[in-house]
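What follows is a single structure, written as structure tokens, with notes after it.
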Amino acid sequence: MITAGKTKVLSLSMAISLAFTGLANAGVTNKDIANDQMTTEDVVSYGLGLRGQRYSPLDKINIDTVKEMRPVWAFSLGGEKQRGQESQPLVKDGVMYISGSYSRVYAIDANTGDELWQYDARLPDGIMPCCDVINRGVALYDNLVIFGTLDAKLVALNKDTGKVVWKKKVEDYKAGYSITAAPIVVKGKIITGVSGGEFGIVGKVRAYDAKNGKLVWERPTVEGHMGYIWKKGKKLENGISGGKPGQTWPGDLWKSGGAAPWLGGTYDADVDLLFFGTGNPAPWNSHLRPGDNYFSASRLAINPDNGKIVWHFQTTPHDGWDYDGVNELIPFDYKEKGKTIKAAATADRNGFFYVLNRENGDFIRGFPFVDKISWASGLDKKGRPLFIDSNRPSDPSKAKDGKKGSTVVAAPSFLGGKNWMPMAYSKDTELFYVPSNEWQMDIWNEPTAYKKGAAYLGAGFTIKAINDDYIGVLKAIDPKTGKEVWRYKNYSPLWGGVLTTAGNLVFMGNPEGYLLGLDAKTGEVKYKFNTGSGIVGSPITWEMNGEQYLSVLSGWGGAVPLWGGDVAKRVKHLNQGGSVWTFKLPK
Ligand code: CA
Ligand code: CA
């Protein structure tokens, strides 16, 4: 939106060109993205703002009015292969942009639900997504819609036509790389991680010029690999990640060390840092790689201009349970003894919730956010886990047959106390709303060796429910005390994102198909609507023509039906789908 102050400085030629193209169709700017959380007429970033708080200041839909909320349109993604729809929509100038399973993108008239265009990436045979053919959303910049594909490319489409403007290969899909996260745009650069930690890839974060796709920098997330920066077309070395090759790895294992930053990142302008989490070290069998295995299962603070690692915090050193440390790190401020603390919080797959100082990565506090944690008895003063050694799956090379180590029961399961599904933070209640799951697994280790493009685990597993009546638990957590303020229990595991609003509401979907609206202070269910298939997407809200809208994708799938073991059997009656639902209050 052009403000009065800005209009004054427009030159005549700029004014004419703006009049010609039409202000309503102006492209997305860095300022639009930086201000996204507070500008309610659009949603131009994953997380409703680069901090990823998933908080909206809108309050027309609130605990009193939400009962009147009803669907105004639904849009089918079509296609015979309906799979998990984990996308978060973006909205700009009355157009909604979503991604769908199998690397598809759609532009939809946000007033009517009419399709404006659809783009299908032609995926090659042999893509290797570990955990369903999902995508979590697009990025908008200038007149481009940019997203990552299952064959590890970035594709930029014209926002009005859906035609390809530029396309870049990020990594080699034949080695196991793919992209499923929504990229983010920071200061004109489109920044993406990669998936593939189950195939012994080397995790990397890469930044490209968003307008033309030219590579700006590359930062490997496994200790020992060289980073690069491109200046005037020249590739320059930009420091080895961690200083020296593989200090916390035995032998050459760092060369196929995993640590995939597969869930993308957040950004905080206040400290000018990107925050990316990294996945498991490869392989899963931890006895093959004694050491802390930097920078796996960690949060990394990265300089957005050159890709240098400014600080790192490892949640699970020497991981032996596939406790990927990718979960979003959400910057937030709080007051303590009259002082503002620049904090950031994350709920890890390993079952612990961490509050860090986002300026330097110092551990402030941590506490369990699930009921059962078997592998550690707690955290020390620096946030390092206190391991319970007997609960680590044993070394198979020491077994009688040399083929299978002892089976241990580990909680949480490898799908995590919390997986990819993003939590939300409300500045009104000062609470985090965390979608969590109570489940455990039988896990054992086996021998394995790295082979390009093959699964590199060295482990077997079966996930099991802990309780008969629920797995999913949405929790309201006070980050200052670790106190659980309320919980909402769900029969199926939760796998979708959370949204909170100034209307004192928390929205979330469940695999049973319901969009739920809960009282942010008490957890009381205030709204329920069944969308016809399981919800594993993340809801958004925005304002159009003076009315508040809410949208969410519906379409059951993701990792649970594929990897859930006994739990997958428990939810196998849930039907697949693929649609966007949009709601508002009646006039
Ligand atoms: Ca906005
Ligand atoms: Ca993993």
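Descriptive notes on the structure:
- Among the residues of the stretch 163-179, the ones that are open to solvent by less than 10 Å² (accessible area, probe 1.4 Å) and in contact with a strand residue (DSSP E or B) (Cβ under 7 Å, 6 or more places away or on another chain) come to 3 in all.
- Listed by position, the strands (runs of 3 or more DSSP E) enclosed by the stretch 76-145 that each have at least 2 residues that are among the hydrophobic types (A, V, I, L, M, F, W, C) and within 16 Å of Ser538 (Cα to Cα) are 90-92, 95-100.
- Complete set of residues in the stretch 340-383 that are part of a loop (DSSP other than H, G, I, E, B) and buried (at least 19 other Cβ atoms within 10 Å of the Cβ): Asp348, Arg349, Asn350, Gly351, Arg358, Gly361, Phe369, Val370, Ile373, Trp375, Gly383
- Test: residue in the stretch 183-197 that is touching a residue at least 12 places away in the same chain (Cβ under 8 Å), away from ligand 2 (no atom under 16 Å from the Cβ) and open to solvent by 30 Å² or more (accessible area, probe 1.4 Å): yes
- Some residue of the stretch 223-231 being among the acidic types (Asp, Glu), part of a loop (DSSP other than H, G, I, E, B) and in contact with a Ser or Thr (Cβ under 7 Å, 6 or more places away or on another chain): yes
Let's see how each residue does on (1) touching a residue at least 40 places away in the same chain (Cβ under 8 Å); (2) of a type in the set (A, V, I, L, M); (3) within 16 Å of ligand 2 (Cβ to nearest atom); (4) touching a Pro at 6+ places or on another chain (Cβ under 7 Å):
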position	(1), (2), (3), (4)
Leu300	yes, yes, no, no
Asp319	no, no, yes, yes
Glu336	yes, no, no, no
Phe363	yes, no, no, no
Asp389	no, no, no, no
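- From the options Asp305, Asp272, Asp252, residue that is open to solvent by 10 Å² or more (accessible area, probe 1.4 Å) and within 26 Å of Ala347 (Cα to Cα): Asp272
- Taken together, the residues in the stretch 546-576 that are touching a Gly at 6+ places or on another chain (Cβ under 9 Å), away from ligand 2 (no atom under 16 Å from the Cβ) and at positive phi amount to 2.
- In the stretch 313-339, of all residues being farther than 19 Å from Ala301 by Cα and in a strand (DSSP E or B), the one that is least open to solvent (accessible area, probe 1.4 Å) corresponds to Tyr334.
- Looking only at the stretch 239-297, and only at residues there that are of a type in the set (Val, Ile, Thr) and outside any loop (DSSP other than H, G, I, E, B), the one that is nearest to ligand 1 (Cβ to nearest atom): Thr266
- Odd one out for Lys235 among (1) in contact (Cβ under 8 Å) with a residue 12 or more places away in the chain; (2) surrounded by fewer than 18 Cβ atoms within 10 Å (Cβ to Cβ); (3) assigned to a strand (DSSP E or B): (1)
- For Gly113: the one exception among (1) among the small types (Gly, Ala, Ser); (2) within 16 Å of ligand 1 (Cβ to nearest atom); (3) touching a residue at least 60 places away in the same chain (Cβ under 8 Å): (2)
The values are calculated or read from the model by the stated rules, or taken from the named source; none is laboratory data. Every value quoted in this text rests on a predicted model; they were computed, and no experiment measured them. No Cβ is skipped: glycine too gets one built from the backbone with ideal geometry, and neighbour counts run over all protein chains shown. These accessible areas exclude ligands, DNA and RNA; they are computed on the full protein's heavy atoms, side chains included. Shrake-Rupley method; radii C 1.70, N 1.55, O 1.52, S 1.80 Å.
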